[in-house]
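A quick write-up on the structure given underneath.
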Amino acid sequence: MRRTSLALFAASLLIPHNRPHDLAAGEAITMPRREYQGRISFPRGYTSATLPRDLYIRSLLAIDKRMRFGDYRWDDRVATTGPTRILVNLKLQTISVFRDGHELGTAVILYGSDGTPTPTGTFRILERARHHRSNLYDAEMPYMLRLTMGGVAIHASSVREGFATHGCIGIPAAFAARLFALARKGDIVTILPA
Amino acid sequence: MVSKSVLLSAAYASLLIGGLVATTLIFNVDFRFLTGMASSGAAAAPIGDAAGSPTDPMDDLALRSPGFRTKGMLQTKKRSLRASPHASSPRRRSERVLSGVRDQFVPLAPPPFGPVGVPPAPWLPLPEDGRWTERMTPPGPLSPIPPGFTFVPVGEDIITEPPGGVPAVPEPSTWVTMIVGFFGIGTAIRRRSFWRRTATDASSAPH
């Protein structure tokens, strides 16, 4: 018994112990794209040079097909707590909602036209309003998440191809309701330029 | 002499460590939190796939994008202004008219003929680039064509007939197929007329 256990222990030490899921500091490895249950997972502590430095990603929704205007996806089963981050990509015309690094939802957006561009950078949600009526344009803006005091906000709108906003970020109404329920005042929104 | 309790404790310790290692290997559980060696704050590492599939988050996000909105795109309906992240290569411009000069294949070298060692007979001279075009006519009087070859003017296709040609009398299988087809047609006509007659009789019958 004793000899057997000792032999097993010695043999177990000889087995190489490598776990490709974790990256050592400064280590560059190649790893296959890993999808599980409709998600693309990333290693712990993974940050990308193409993303904001303070945005860490643990998983993305695996959407291989191009979304059309008005489409959205939502899957919040993976994370129920944690900080909420919103990433708006004007170039790709998409919005992604992260919680604790997991992407919960994504949608196609409308953004500002050439004459009234959407500002880029990092913002905090200044105000939430379920029913809001724009002072500037006298238009309904349900599920509004205000980003600047100048009037730029994320709100529900009719997302159709060939349309643009006056600087706001328009998202589909059903997606806006889910995002509104999730986001809180003070949450960080990053808008990447077109 | 080592006491029995020391041996027992060593055995238990080895069992515990071996179990931990086995659990780590089998269930892929990270026990480094026990030793405080938990990895934290790993540096940004480029992640690529050997197969070339996108693994950068931006690449994954680009897959779902409905397309780029270029500057001035909303003011025009020209589709050429619409860029797409899905396009693998830049948009190729193609001509919509046939070009005036069309190159056709002309053998660059004359086929070998005659006995070996004899210099080949003069063939139709080729232009400098080794190709004839449709606009060009074979220059000058034609060289003598060697026996066994026919001159095919450039731009015409050689139409070859099947060897032996089509026999004038059909094969037996063809006859059988044709007869069976005639029987089928006759049967169909008879059945149709029968049903039409029956339906007419039924409708015209006194109630």
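General observations
- Per-residue accessible area (protein heavy atoms, 1.4 Å probe) orders A:Glu127, A:Glu103 as A:Glu127, A:Glu103, starting from the largest.
- Counting, for every residue in A:155-167, the Cβ atoms of other protein chains within 10 Å of its Cβ and taking the mean gives 1.
- 0 to 90° range, to nearest 10: angle between helix A:2-14 axis and chain A longest Cα axis: 50
- Counting, for every residue in A:4-15, the Cβ atoms of other protein chains within 10 Å of its Cβ and taking the mean gives 5.
- Across A:Ala129, A:Ala107, A:Ala11, mean-square fluctuation computed from a Gaussian network of chain A (C-alpha pairs under 10 Å connected) peaks at A:Ala11.
- 10 Å Cβ neighbours from other chains, averaged over peptide A:35-44: 2
- Accessible surface for A:Lys91 stands near 100 Å², nearest 10, in the context of the full protein assembly shown (1.4 Å probe).
- For chain A, the longest principal axis of the Cα atoms and the long axis of helix A:173-182 meet at an angle of about 60 degrees.
- Exposure rank, largest accessible area first [A:Arg3, A:Arg184, A:Arg146; 1.4 Å]: A:Arg3, A:Arg184, A:Arg146
- Per-atom-type breakdown for chain A gives carbon and sulfur 54% of the accessible area (1.4 Å probe, protein chains only).
- Rolling a 1.4 angstrom probe over the protein heavy atoms with all chains in place gives chain A an accessible area of 52 Å² per residue.
- Estimated at the nearest 10 Å², the accessible area of A:Phe175 is 0 Å² with a 1.4 Å probe.
- Among A:Gly38, A:Gly170, A:Gly112, the largest mean-square fluctuation in a Gaussian network model of chain A (Cα springs under 10 Å) belongs to A:Gly38.
- About the centre of its Cα atoms, chain A shows a dipole size close to 640 debye [charges on the beta carbon of Lys, Arg (+1) and Asp, Glu (-1) only; nearest 20 debye].
- Estimated from helices alone, the mean residue ellipticity of chain A at 222 nm is -3500 deg cm²/dmol (sum of -39500 (n - 2.57) over DSSP H runs with n ≥ 4, per residue).
- Rolled with a 1.4 Å probe across the full set of protein chains, the surface gives A:Ile15 an accessible area near 80 Å².
- Over chain A, relative contact order from alpha-carbon pairs under 8 Å, at least 6 apart, %: 20
- When A:Phe123, B:Phe182 are compared by accessible area of protein heavy atoms, the largest-first order is B:Phe182, A:Phe123, using a 1.4 Å probe.
- Within a Gaussian network of chain A (alpha carbon springs, distance under 10 Å), most fluctuating of A:Ala164, A:Ala49, A:Ala153: A:Ala49
- Straight Cα distances below 20 angstrom link B:Lys71 to the lysines A:Lys91, with same-chain residues fewer than 8 positions distant left out.
- Accessible surface buried once A binds B (1.4 Å probe; total of both sides; Å²): 4300
The values are calculated or read from the model by the stated rules, or taken from the named source; none is laboratory data. What you are looking at is a predicted structure, and each value in this text was computed from that prediction instead of being measured. Cβ atoms come from the backbone with ideal geometry, glycine included; neighbour counts cover every protein chain shown. The protein model used for the area step is the full one, side chains on, heavy atoms only, and it has no ligands, DNA or RNA in it. Shrake-Rupley method; radii C 1.70, N 1.55, O 1.52, S 1.80 Å.
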